[in-house]
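The structure under discussion appears below in the form of structure tokens.
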Amino acid sequence: MTRSPSSPGFWRSPLRGPWFTSVLGVVLLAGITLLFVTGLLSYAAYNPDLSPVNDKTPDKGVLGFYLFAWPTDPHWLYRLDQGVHVTLGITLIPVLLAKLWSVVPKLFALPPARSLAHALERVSLLLLVGGGLFEFVTGVLNIQLDYVFPGSFYPLHFYGAWVFFAAFAAHAVLKTPAALRNLRRPREEEVKEVKEVEEGDLVSPRPDPPTVSRRGALWFTGGGSLLLLATTAGQNFDGPLRRTALLAPHGGADPGSGPNGFQINKTAAYAGIDPAETDDDAWRLVVTGRTGTVRLSRAQLARLPLHSAALPIACVEGWSTGDQWWRGVRLRDLAALVGHDGDPPDVFVESLQRHGAFRRAALRANQVADPRSLLALYVNGEKLSPDHGRPARIIVPAAPGVLNTKWVARLTFGDL
Amino acid sequence: MRRRFPVGSPLQLLLFCASFALAAYAGVRLLADDWFGVALWIVGTAVLHDLVLLPLYSVADRAVVRGLGAAGHREWALYVRVPAALSGLLLLVWFPLISGMTARRYRSATGLSPDGFLTRWLLITAVLFGASAVLLALRLRRATKRRPPAAH
């Protein structure tokens, strides 16, 4: 019978046991809760309830119950939130794998169900494991631009998160008390606990001689997390720190040098921008509002009052740059130009981009009103490069990168 | 005479009903576009992990421990296991970049070179195994020094 994985004797590792699983479980309880919260905040940062163009999940229903007007302060809010979400998610992968390893004998335990509640628990565990792995896998693939998953990332990762969270919350309610008890138990009792093995209690009845202690195995798991953290976190910083992110998509060297050398999400060529359209002679900004439509050339824009703001670029993919020094026309000044004096409304932004989910985007009135929200013409003292949105791009404090529309063609002010 | 199938804790039943209701609410939205593809992914990732990845690394680990055990050095297992697992972990997480399967899109979207990932992963792997070998060598030297000559 020990040849069958449903027999406890099949599992030989001396590491498995309630203490080991409980430590990993408590780490995941804290870590995944933080992932869920930062994920929900990141979702809110898109202002999906403002306009259909911002909303990739129009049938979200009550799952958007908590949405609020995303603030512009502090200006690094999205950078921090999304940086934590992605970096923490990657860092937790070894803990997740170790946790799944530690409980794998339960997957094969027989009988399949001891009671109705136990049967439901096992169905719930499929949602927990399948849903959890689905979230981690889609996230890890998306930041590497590997869009092999069945559909668009936003709805998959958002609805998947809620399915996973439903199972996760039930699991946490059921298991946390026991996990905490296991951790509080004095070390000596661990020996006794081994003798009181019940069926499916994870402790192997005929363990192999150990090659490492349980504590050592935890250090090993933590070491894996540390390695991933150390080779990923740097993609949220500039200069030598970025180079420490050895395997992360936006680690290593910057794409260019000089004022426009910082990280790019999508290049002009990728977005299908024809250089002829952004040429100073051809390009006109169309601004529409209460009093009608104004068309401005780049030279006319540059003669309007110019203001500066130091703001980062922060991407949903979990990388960001330090503050860049942007210079351009305030969005609220452009609103005033078309009849919205004093109380700027929302704005609908359209790009020259041919494709891309966010070639059109909406910004809320509080974002338009912020004096640091610009239609930028310059960055770090130079004209914007084509890849950073020449001739003009939006830059708004604390907004996700994709809402900082590049190659802007049209601004329509008014309540959305 | 068969005993009746027990129901279990009513509180737990309520908890699971609430959990399934929320999962179903999100689930119908998750499955709205390509229900088969998404269901396949959710079940598939769980099956791939539980029935392929985990058995594979368990068997590999057991082979290393047995092999070293047969050579009388079972305690060296860690010096292989740690660098191999860490290197494998990095490969697992960054496989699309390391394998170059998204290289064209990556270069065209970000303006960055996709070429360094494989090299860097190999270098990290070399450093991990190298450091492990140095640690093992140091341990062996210490053990040799401590051992009295008569013990041979």
Checklist entry - Within segment A:35-49, can you find the residues that are part of a loop (DSSP other than H, G, I, E, B) and open to solvent by less than 20 Å² (accessible area, probe 1.4 Å)? => result A:Y46, A:N47, A:P48
Next on the checklist: Whether any residue in segment A:226-241 is touching a Pro at 6+ places or on another chain (Cβ under 6 Å) and among the small types (G, A, S) is what I want to check.
Outcome noted: no
Next on the checklist: Against the definition (open to solvent by 40 Å² or more (accessible area, probe 1.4 Å), outside the structural domain of A:N142 (by TED's automatic domain parsing) and either basic (K, R) or not in a helix (DSSP H, G or I) (or both)), how does A:R242 come out, yes or no?
Outcome noted: no
Item to check | Neighbours by Cβ (under 8 Å, 6+ apart or cross-chain): first from segment A:1-30, of a type in the set (D, E, K, R); second part of a helix (DSSP H, G or I) | outcome: A:R3/A:F10; A:R16/A:S102; A:R16/A:P105
Checklist entry - Quick check, is A:P249 surrounded by fewer than 15 Cβ atoms within 10 Å (Cβ to Cβ) and in contact (Cβ under 8 Å) with a residue 24 or more places away in the chain? => result no
Checklist outcome for this item: Within segment A:16-34, residues of a type in the set (A, V, I, L, M, F, W, C) and open to solvent by 20 Å² or more (accessible area, probe 1.4 Å) come out as A:W19, A:V23, A:V26, A:V27, A:L29, A:A30, A:L34
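Here's the yes/no breakdown for (1) buried (at least 20 other Cβ atoms within 10 Å of the Cβ); (2) more than 21 Å from the chain's Cα centre (by Cα):
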residue: B:F5; (1), (2): no, yes
residue: B:L11; (1), (2): no, yes
residue: B:C17; (1), (2): no, yes
residue: B:Y25; (1), (2): no, yes
residue: B:V28; (1), (2): no, yes
residue: B:W35; (1), (2): no, yes
residue: B:V80; (1), (2): no, no
residue: B:V93; (1), (2): yes, no
residue: B:G100; (1), (2): no, no
Item to check | Given (1) more than 7 Å from chain B (Cβ to nearest Cβ); (2) among the polar types (S, T, N, Q); (3) surrounded by fewer than 19 Cβ atoms within 10 Å (Cβ to Cβ), index of the condition A:N54 fails | outcome: (3)
Checklist entry - Is at least one residue of segment A:166-175 buried (at least 19 other Cβ atoms within 10 Å of the Cβ), under 17 Å from the mean Cα position of the chain (by Cα) and at negative phi? => result no
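Residues are listed down the side, and each one gets a yes or a no for (1) more than 14 Å from every other protein chain (Cβ to nearest Cβ); (2) part of a strand (DSSP E or B):
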{"site": "A:G356", "(1), (2)": "no, no"}
{"site": "A:A362", "(1), (2)": "yes, yes"}
{"site": "A:R372", "(1), (2)": "yes, no"}
{"site": "A:A376", "(1), (2)": "yes, yes"}
{"site": "A:I394", "(1), (2)": "yes, yes"}
Checklist entry - Mind checking which residues of segment A:63-118 are outside any helix (DSSP H, G or I) and either open to solvent by less than 10 Å² (accessible area, probe 1.4 Å) or farther than 30 Å from A:F237 by Cα (or both)? => result A:F65, A:Y66, A:W70, A:F108, A:A109, A:L110, A:P111, A:P112, A:A113, A:R114, A:S115
Item to check | Which listed residue, of A:P8, A:P18, A:P58, A:P71, is in contact with a Pro (Cβ under 6 Å, 6 or more places away or on another chain) and not β-branched (V, I, T) | outcome: A:P8
Checklist outcome for this item: Within segment A:109-149, residues closer than 19 Å to A:F165 by Cβ and among the β-branched types (V, I, T) come out as A:V123, A:V129, A:V137, A:T138, A:V140
Checklist entry - Since B:L40 meets every condition but one in (1) assigned to a helix (DSSP H, G or I); (2) open to solvent by less than 70 Å² (accessible area, probe 1.4 Å), which condition does it not meet? => result (2)
Next on the checklist: Cβ-Cβ under 6 Å, sequence separation 6+ or interchain: first residue in segment A:131-148 and in contact (Cβ under 8 Å) with a residue 12 or more places away in the chain, partner open to solvent by 20 Å² or more (accessible area, probe 1.4 Å) and basic (K, R). Which pairs?
Outcome noted: A:L145/B:R105
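Under the condition of being closer than 19 Å to A:S124 by Cβ and open to solvent by 60 Å² or more (accessible area, probe 1.4 Å), which residue from segment B:43-58 is farthest from the other protein chains (Cβ to nearest Cβ)? Working first, answer last.
Keep residues of segment B:43-58 that are closer than 19 Å to A:S124 by Cβ, which gives B:43-47, B:49-50.
Still in the list and also open to solvent by 60 Å² or more (accessible area, probe 1.4 Å): B:43, B:47.
On the way: B:V43: 6, B:V47: 8 Å.
Out of the qualifying residues, it is B:V47.
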Next on the checklist: So if I check each of B:L22, B:L14, which one is more than 7 Å from chain A (Cβ to nearest Cβ) and assigned to a helix (DSSP H, G or I)?
Outcome noted: B:L14
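Go over the candidates A:P391, A:P400 one by one and state the one that is open to solvent by less than 10 Å² (accessible area, probe 1.4 Å) and either touching a Cys at 6+ places or on another chain (Cβ under 9 Å) or of a type in the set (D, E, K, R) (or both). It would help to see each step written out before you state the result.
Values: A:P391 fails: either touching a Cys at 6+ places or on another chain (Cβ under 9 Å) or of a type in the set (D, E, K, R) (or both).
Step by step, each of A:P391, A:P400 is checked, and only A:P400 is open to solvent by less than 10 Å² (accessible area, probe 1.4 Å) and either touching a Cys at 6+ places or on another chain (Cβ under 9 Å) or of a type in the set (D, E, K, R) (or both).
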Item to check | Options A:Q235, A:Q324; residue that is within 29 Å of the chain's Cα centre (by Cα), within 14 Å of chain B (Cβ to nearest Cβ) and either open to solvent by less than 20 Å² (accessible area, probe 1.4 Å) or touching a residue at least 40 places away in the same chain (Cβ under 8 Å) (or both) | outcome: A:Q235
Checklist entry - Going through segment A:103-134 one residue at a time, which ones are within 29 Å of the chain's Cα centre (by Cα) and among the aromatic types (F, W, Y)? => result A:F134
Item to check | Residue list for segment B:104-130, filter: of a type outside the set (S, T, Y), open to solvent by less than 50 Å² (accessible area, probe 1.4 Å) and touching a helix residue (DSSP H, G or I) at 6+ places or on another chain (Cβ under 8 Å) | outcome: B:A109, B:G111, B:L112, B:P114, B:F117, B:W121, B:I124, B:L128
Checklist outcome for this item: Within segment A:273-298, the count of residues that are open to solvent by 70 Å² or more (accessible area, probe 1.4 Å), outside any loop (DSSP other than H, G, I, E, B) and either touching a helix residue (DSSP H, G or I) at 6+ places or on another chain (Cβ under 9 Å) or not β-branched (V, I, T) (or both) comes to 2
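The values are calculated or read from the model by the stated rules, or taken from the named source; none is laboratory data. Treat the numbers as computed from the prediction; the structure is a model and nothing was measured. FYI the Cβ positions are ideal-geometry reconstructions off the backbone, even for glycines, and counts take in every protein chain you see. Accessible surface areas use protein heavy atoms only, side chains included; no ligands, DNA or RNA. Shrake-Rupley method; radii C 1.70, N 1.55, O 1.52, S 1.80 Å.
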